[in-house]
Structures are given as structure tokens and as C-alpha cells.
Amino acid sequence: MTEFDRLPAPVRQWLSQAALPWSPASARRIWSKSRAKGLSDEEALRSLSRAESRTLARDKATISPRC
């Protein structure tokens, strides 16, 4: 819980609404890379959302029956 508490407030808020059970380390890694590229908080949060969408799509393809 301490690692979660050390995350920036926007990331903690995003995680509270996330569809997947993100680890604080994974969220921090994406956030930090995005911010290091000069992205705004909002853009960095969109990076997290895109990463989550990709994971969900991959998981869906893995568990969906193939016709």
C-alpha cells in the first residue's frame, strides 16, 4: 500500500477506476516514461488507458473461441 500511496494523485485516481488490477510499479513505469517524453498529465493518463485497452484486447482474443 505504501507504493500506491507514493504514486502521483492523478495515477492513484486513474487506478481507482481501472478495469484491470494494475500494480503500482506497472502504472508508475508507464506514467514515468510518458512524463519523461514531455507529455502532460492528461496525455500520460491516456497512455495508461491505451495500455489497458491493449491488454484487454489481447486477453479477449486469447479467451474468445475461434470460429
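The values are calculated or read from the model by the stated rules, or taken from the named source; none is laboratory data. Note that the structure is predicted; figures quoted are calculated from it, not measured. Methodologically, a virtual Cβ is constructed for each residue, glycine included, from the backbone with ideal geometry; neighbour enumeration extends over all protein chains shown. These accessible areas exclude ligands, DNA and RNA; they are computed on the full protein's heavy atoms, side chains included. Shrake-Rupley method; radii C 1.70, N 1.55, O 1.52, S 1.80 Å.
Summary table
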| quantity | calculated |
| --- | --- |
| Near pairs, Cβ below 8 angstrom, 6+ apart or cross-chain, from segment 16-34 (within 15 Å of SER53 (Cα to Cα)) to any residue that is open to solvent by 50 Å² or more (accessible area, probe 1.4 Å) and in a helix (DSSP H, G or I) | ALA19/LEU56; LEU20/LEU56 |
| Count of segment 1-49 residues which are surrounded by 11 or more Cβ atoms within 10 Å (Cβ to Cβ), part of a helix (DSSP H, G or I) and not small (Gly, Ala, Ser) | 20 |
